[in-house]
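Structure first, commentary second.
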Amino acid sequence: MPADVTFDIPLPREQHEGWQAAGERNLAWLAERRLLSEATLALYTLFQSERLVGYAFPGATDRGLDLANRIVSVCTLLDDQFDGPAGRDPVAAREIAEGFAVLLEPGAGVGGPSASPLRAAFSEVWRDSCAGKSPAWRARAAESWRRYFASLVHESANRRRGGYLPLDCYLEQRLVTGAMQQFTDACEVAGEFEVPPVAFNIPHLRIMRGLTADFVNLANDLASLEKEIAAGETDNLVLVIGNECECSLDDAIARAYRFVEGRVTRFVQLRAELADVCAALALTSRETETVGRYAAALAAWISGYERWQRETNRYRRAGDVSQVTGAGYRLEDLFGR
């Protein structure tokens with residue numbers, strides 16, 4: 001079944017040697033920020049997100065690995081809050097989303113000591129992510145977050161409307177709802193480097209970022225298919241393809257698998273051409289090295305995510321989590337306390 005889906009990934013498999021120690025530090029940080037309690041710790045650790053971070057950021061500095069863990073954890077917990085009522089109420093979703101978006105503004109606070117733990121944690125993570133980065137980096141990373149916050153509203157409206165999105169609209173939405181833009185920005189945070197604008201906007205690299213996001217998000221659609229069918233969801237690549245092509249579920253799964261597999265094939269092709277592109281642009285040796293580091297970081301996300309997806313209980317134990325929480329992965333309300 002899709003929960004056991006595997007892909008042949010012709011990219012290196014690595015793991016940060018300090019991932020376990022970083023994972024312990026991250027759980028302590030989450031507890032200190034009131035994002036996890038004794039009651040929810042066991043459920044959260046089923047996901048093994050710290051293992052994912054170890055796979056996806058093998059070249060991170062120690063400080064960068066801690067920040068990557070916090071970015072992934074905060075984004076995961078934020079996304080999971082929309083398994084609750086806000087996930088089907090676009091008015092409530094918009095209010096929440098806009099409340100987080102204002103925290104991206106220079107000098108923004110978190111709203112005082114009464115602020116929700118998730119708002120406070122997000123504000124801290126955003127501040128620390130921006131440390132040492134240029135205004136250009138902060139501007140593009142902030143836009144990534146704004147698009148993600150808006151996508152939570154769009155997704156909520158889709159659930160209320162019902163039915164299926166057209167495939168092209170779904171792919172555009174899924175590019176953002178999976179938060180992969182934040183995670184590809186986090187490659188520079190974790191490695192404590194920055195891709196200069198002229199290199200960041202190389203068409204090859206822009207397409208590779210999109211392919212990375214597509215692979216992770218859409219491989220996730222395959223893995224979570226059973227959970228989402230049980231929950232009555234329609235925002236899933238397999239279900240959207242099945243509706244658009246008027247084909248059986250098995251056929252839709254096969255088509256979705258080939259689509260996702262093709263993202264990796266194209267990524268590998270483009271990566272092999274990057275050195276020639278950098279040379280043609282007359283990039284400096286340092287800029288070319290930075291492009292290579294960034295491309296390697298994107299590749300680690302693809303291979304690391306695929307490896308983690310086969311190991312995590314986020315999909316295999318989804319029924320257990322829902323039985324305990326009554327609301328998908330929403331372990332507890334992190335907006336209202």
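Most exposed first by the Cβ proxy, i.e. fewest other Cβ within 10 Å, how do 290, 45, 212 rank?
By the 10 Å Cβ count, ascending, the order reads 45, 290, 212.
Test of understanding: ordering 185, 8, 62 by Cβ neighbours within 10 Å, fewest first, what list do you get?
Least to most surrounded, the residues fall as 8, 62, 185.
Can you give me the Rg/Rh ratio for the chain, using Cα atoms for both radii and the Kirkwood formula for Rh? All intermediate terms of the calculation are to be shown ahead of the outcome.
On the way: Rg = 19.3 Å, Rh = 20.4 Å.
Reported Rg/Rh (Cα atoms, Kirkwood Rh): 0.94.
Counting alpha carbon pairs within less than 8 Å and at least 6 residues apart, what relative contact order, in whole percent, applies to the chain? Each step should come with its number before you reach the end.
Numbers: 414 pairs, mean separation 104.8, N = 337.
Reported as a whole number, the value is 31 percent.
What Kirkwood radius, in Å to one decimal, follows from the Cα pairs of the range 1-136?
Values: mean 1/r = 0.0596 Å⁻¹.
Taking the inverse mean of 1/r over all distinct Cα pairs, the range 1-136 comes out at 16.8 Å.
Starting with the highest mean, order 157-170, 259-272 by the number of other Cβ atoms within 10 Å, averaged over the residues of each peptide.
Most protected by this proxy first, the peptides run 259-272, 157-170.
Go through 162, 190, 115 and say which Cα lies farthest out towards the positive end of the charge dipole of the chain; charges sit on Cβ, +1 for Lys and Arg, -1 for Asp and Glu.
Farthest towards the positive pole: 115.
Read the figures in this text as sums done on the coordinates, not as results from a lab. None of these values were measured; they are calculated from a predicted model. Here the Cβ is made from the backbone with ideal geometry for all residues, glycine too, and neighbour counts use every protein chain on show.
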